[in-house]
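The values are calculated or read from the model by the stated rules, or taken from the named source; none is laboratory data. These numbers come from a predicted model, not from an experiment. Heads up, the Cβs are rebuilt from the backbone with ideal geometry, glycines too, and the neighbour counts pull from every protein chain shown.
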């Protein structure tokens, strides 16, 4: 399976690329769920 790269546009206009390689990518929907969960986690900042 090829790598999946999601480009996430942040509210301040910056971009963040999230890359999943062949060993971690199940499908695009799973990769998107992981990216959203990571970005929405409360880190106490």
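A few notes on this one:
- Count - residues of the range 2-20 that are in a loop (DSSP other than H, G, I, E, B) and either modelled with pLDDT of 75 or more or surrounded by 11 or more Cβ atoms within 10 Å (Cβ to Cβ) (or both): 6
- Failed criterion for residue 25 (all others in (1) in contact with a helix residue (DSSP H, G or I) (Cβ under 8 Å, 6 or more places away or on another chain); (2) part of a strand (DSSP E or B); (3) modelled with pLDDT under 80 hold): (2)
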